[in-house]
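Comments concern the structure below.
The values are calculated or read from the model by the stated rules, or taken from the named source; none is laboratory data. Please read all numbers here as calculations on a predicted model, not as lab measurements. Don't worry about glycine lacking a Cβ; one is built from the backbone with ideal geometry, like all the others, and counts go over all protein chains shown.
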Amino acid sequence: MKKNKVTLLLVLTMIISLLAGCAGANNGSNTNSGTNSGSANTPEADEQPAKGGKTTVQFWHSLGGKNGEYMDALIKTFNETHSDIEVVGTFQGNYDETVTKLQQAVAANTAPDVSMLERAYVQMFADSEVLEDLTPFLESSSLSADDFTAGLMGHSTFNDKLVSLPLNRSTPILHVNKSMLDEKGLAVPTTWEEMNQVANALVIQENGEFKRYGFTMPYDTWYPIAMISQAGGKFFNDDNTSIGFADNGVGEKVFNQLKKLQSTGALYYPPAQDSGNITNQMFVEGKVAMMYQSTGSIGGLTEAVDFDYVTAFLPKDEVFANPTGGANVAMMSGSKNKEAAWEFIRWMETDPQGGLQFILKSGYLPFTNKMVESAEIKALWEKEPNRKVAYDQLQYAVDTNKAVAWPEVMHEFFSAIEAIMYDSKDVKSTLDTFKKEADRILAQ
């Protein structure tokens, strides 16, 4: 059974490699890749020492740019405060590229000790039994799952094992150029109907060309999934045997809403390539008034804009709802350095000099209860209330794409999004085709 599950990882490598770079989704030291053969609470007999008697822990991540610099600083602090452990952090590309490389490394017995995993991929690795159960490690450190932010734990436990913990986590949120709205006496929209009115009111068109758009969003599955939930739908049905939004009119409602806004210039839908950077730059330059984008962008936007910038909950239809995103951290079960790997994870997750500093700099969501209650976070939220809005929105967090087949289904969903948003194909027939393909995948 385990061999078959590892084979599944290899099969999905091809699929995910096709997806690498599509979405801004939007991120060899060991020689043994089996399940843990030693006690979680005792050092491994074959723990690998580095030069100078230190144990080397290989850590793969998907953070580039400023966030990569923040992660490098975190690792540097850890190494400076741990005389017996040396963490080597390696940027492996975006989330999809990291997953592809990790699958290949598992098959080749060269997986790292610790890896960042985009939260929707955790289940795939968990079902392949290549992630360590962290429960004994938590218990040995007097910690439990209850110590972590509840809205971010939906992709942590599979098959009765706690296999990952939140790290650089985010949600989509509404970013608003409030100065632009104030000029027209407009309030920040809280519903789809209000979004229609406000976005259209902010459009500037001259000589048949749009000079300013109402709002934008990157090319990604994240934002349509959020809207599906807001309209009272589910991406998968309750038992993950079918798509849950294609037959009840929810999917048509979502994409008809987007196409209607796109047709008037109220929505600018960007090219697929580099869409996140394109939308961010348009927002900074005042070419668009509002933007659906990750909470992880708050820090960078705050530094870049020269207008009154605020954040708000994603507008609701039937209900407020938003998916979570970003990545978790996991220990590979084949690690020969489990105690040292856990010390790095524990420190990164709970030490005030660890993840807290990363969160303060980056704009990602605080992922432990103590972090939320810390004086540093409270001071940050008082200074930058936009970040507290992001945390408050977690009360409406939903996990809508949890299925081991998600990578394959995601590929088909991207195809449907492209057909509708770029090629203006019929919404209903496109979603019908998507559902047939997705149901076929789920039946395998």
Is it the case that some residue within the stretch 55-62 is touching a Phe, Trp or Tyr at 6+ places or on another chain (Cβ under 6 Å) and surrounded by fewer than 21 Cβ atoms within 10 Å (Cβ to Cβ)?
-> no
Would you mind finding the one in 356, 360, 314, 258 that is part of a loop (DSSP other than H, G, I, E, B) and surrounded by 19 or more Cβ atoms within 10 Å (Cβ to Cβ)?
-> 314
Qualifying residue in the stretch 338-348 (condition: out of contact with any Leu (no Cβ under 8 Å at 6 or more places or on another chain) and within 29 Å of residue 225 (Cα to Cα)) | no
Mind listing just one residue for me: the one in the stretch 212-228 that is out of contact with any Leu (no Cβ under 9 Å at 6 or more places or on another chain) and part of a helix (DSSP H, G or I) and, of those, nearest to residue 277 (Cα to Cα)?
-> 222
Scan of the stretch 415-440 for residues that are touching a Ser or Thr at 6+ places or on another chain (Cβ under 7 Å) and surrounded by fewer than 20 Cβ atoms within 10 Å (Cβ to Cβ), ordered by number | 419, 439
Considering only residues that are assigned to a helix (DSSP H, G or I) and small (Gly, Ala, Ser), look in the stretch 116-173 and name the one that is nearest to residue 106 (Cα to Cα).
-> 126
Sort out which residues of the stretch 162-173 are of a type outside the set (Lys, Arg) and under 16 Å from the mean Cα position of the chain (by Cα), and write them in order of number.
-> 164, 165, 166, 167, 168, 170, 171, 172, 173
Cβ-Cβ under 8 Å pairs, at least 6 apart or on other chains, the stretch 292-303 side within 23 Å of residue 191 (Cα to Cα), far side surrounded by fewer than 21 Cβ atoms within 10 Å (Cβ to Cβ) and among the charged types (D, E, K, R) | 298/384
Within the stretch 229-246, considering residues that are modelled with pLDDT of 95 or more and in contact with a strand residue (DSSP E or B) (Cβ under 6 Å, 6 or more places away or on another chain), the one surrounded by the fewest Cβ atoms within 10 Å (Cβ to Cβ) = 230
Can you tell me which of 373, 303, 384 is modelled with pLDDT of 95 or more and not polar (S, T, N, Q)?
-> 373
Extreme residue, nearest to residue 314 (Cα to Cα), among residues of the stretch 270-300 that are part of a helix (DSSP H, G or I) and among the hydroxyl-bearing types (Ser, Thr, Tyr) | 295
Do we have residue 286 as more than 26 Å from residue 396 (Cβ to Cβ) and not assigned by TED's automatic domain parsing to the domain that holds residue 250 here?
-> no
The stretch 65-81 residues that are farther than 16 Å from residue 169 by Cα, paired with ones that are outside any helix (DSSP H, G or I) and acidic (Asp, Glu) (beta carbon under 6 Å, 6 or more apart) = 79/86
Top-ranked residue of the stretch 389-420 - restricted to ones that are among the hydroxyl-bearing types (Ser, Thr, Tyr) and part of a helix (DSSP H, G or I), ranked as farthest from residue 316 (Cα to Cα) = 415
Residue 308: passes all of (1) closer than 30 Å to residue 228 by Cβ; (2) modelled with pLDDT of 95 or more; (3) not hydrophobic (A, V, I, L, M, F, W, C) but (1)
Does residue 133 fit the bill of being under 27 Å from residue 372 (Cα atoms), assigned by TED's automatic domain parsing to the domain that holds residue 62, at pLDDT 95 or above and surrounded by fewer than 18 Cβ atoms within 10 Å (Cβ to Cβ)?
-> no
Go through the residues of the stretch 98-119 one by one and say whether even a single one is touching a Cys at 6+ places or on another chain (Cβ under 9 Å), crowded, with 18+ Cβ neighbours inside 10 Å and of a type in the set (D, E, K, R).
-> no
Take residue 298 and decide whether it is of a type in the set (A, V, I, L, M), buried (at least 22 other Cβ atoms within 10 Å of the Cβ) and under 30 Å from residue 183 (Cα atoms).
-> yes
Does residue 91 meet the test of being in contact with a His (Cβ under 7 Å, 6 or more places away or on another chain) and aromatic (Phe, Trp, Tyr)?
-> yes
The stretch 63-97 - residue that is of a type in the set (Ser, Thr, Tyr) and closer than 21 Å to residue 338 by Cα and, of those, surrounded by the fewest Cβ atoms within 10 Å (Cβ to Cβ) = 83
